[in-house]
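Taking it in order: structure first as structure tokens, then the write-up.
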Ligand code: SF4
Ligand code: SF4
Ligand code: SF4
């Protein structure tokens, strides 16, 4: 037992160092000091998560800070350029991008996730984008696939863990679902089971999942018929194109990303999001699986109470694995289980791979969002130049 303890501490150290070195290298150009600082933060976080086993305790602030940095860097750029200049660019370039068949110019004027993979090849050149905002986007299908390749790899590798660790849009419902007190139960949407004198929720009702699939299907159909990537409704610049679209998006956001998460302590936005539903399918082929060691499990259902995604249910506990497709690998149930019966495994096998999972997903987040993180730091040093603040 002692040897196992020592080994896991050594693993924590090794994966912490590996992550720290990788992130230090990634951020070293253009600022060496930033590389050292980011490497130290990443390495320490991986080490602490693995050493203490408190995945959710560290994941949550990391996820929320990432969301805040990305949002503030975008907002800061609008403030830096001023709204008039900003809208001029939006009017000129974005319609062509959003509606590909309307004859786009092949450029966009604002950092959009689709252009971020250029960082992988462009190195520090991406900093120049701060001056112009002009970023090339793929001109043909082959180039588009190449640009999207890193995203495809990330989604295939992590599946719905993307929602727990990497998606900035999930940050708002995550913040809103903070705290413990559930004011609203929403029993209409959830199955219920009586056990040992208590009630347990048995996940979302089948019809709720059908609604999710219908939303995904409509999204795909609109994309195929019009060429409009509906996932861009999450992109705030689009909201400014039309006041009607703006108010509809605000209403959906208030209901699903603010009110329901606040009242129920669940990320309802992420139950209606078509990308999240698509990731539920992809989750079936990802290598990282959440499983329960049934020999250790004492059926206390603490993990069922802890789960904020209705992913852990009494049925999943009985089966010994999570297969609802809602699990975002947040680690809350792992922390809640006093028997240490839950872990992350390699596919359907018996090999536990918590360490590489944590190291990989933290490194991926910090590598993927380097553009926003550096812009955020740059903007902090230019606060005095903000037009809205002047
Ligand atoms: S469900 Fe959608 S919005 Fe929520 S975290 Fe996943 S991809 Fe992001
Ligand atoms: S918290 Fe652990 S012991 Fe309790 S039901 Fe869940 S897996 Fe089993
Ligand atoms: S099953 Fe566990 S890891 Fe998955 S979402 Fe629920 S609490 Fe998080």
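The values are calculated or read from the model by the stated rules, or taken from the named source; none is laboratory data. Since the structure is predicted, the reported quantities are computational estimates derived from the model, not experimental observations. Don't worry about glycine lacking a Cβ; one is built from the backbone with ideal geometry, like all the others, and counts go over all protein chains shown.
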Query raised in the report: over 30 Å from residue 23 (Cα atoms) and free of Cβ contacts under 8 Å to residues at least 12 places away in the same chain, is that true of residue 323?
Result: yes
Query raised in the report: Right, residue 344: at pLDDT 95 or above, in a helix (DSSP H, G or I), away from ligand 2 (no atom under 12 Å from the Cβ) and within 24 Å of residue 267 (Cα to Cα) or not?
Result: no
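So which residues in region 347-366 are touching a strand residue (DSSP E or B) at 6+ places or on another chain (Cβ under 8 Å) and more than 16 Å from ligand 2 (Cβ to nearest atom)?
As a first pass, look at region 347-366 and keep what is touching a strand residue (DSSP E or B) at 6+ places or on another chain (Cβ under 8 Å): 347-348, 351-354, 357.
Selection gives 347, 348, 351, 353, 357.
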**Report entry** Restricting region 194-208 to residues that are assigned to a helix (DSSP H, G or I) and in contact with a strand residue (DSSP E or B) (Cβ under 9 Å, 6 or more places away or on another chain), the residue that is surrounded by the fewest Cβ atoms within 10 Å (Cβ to Cβ)
**Finding:** 206
Query raised in the report: Residues in region 306-318: is at least one free of Cβ contacts under 8 Å to residues at least 12 places away in the same chain, out of contact with any helix residue (DSSP H, G or I) (no Cβ under 7 Å at 6 or more places or on another chain) and more than 16 Å from ligand 1 (Cβ to nearest atom)?
Result: yes
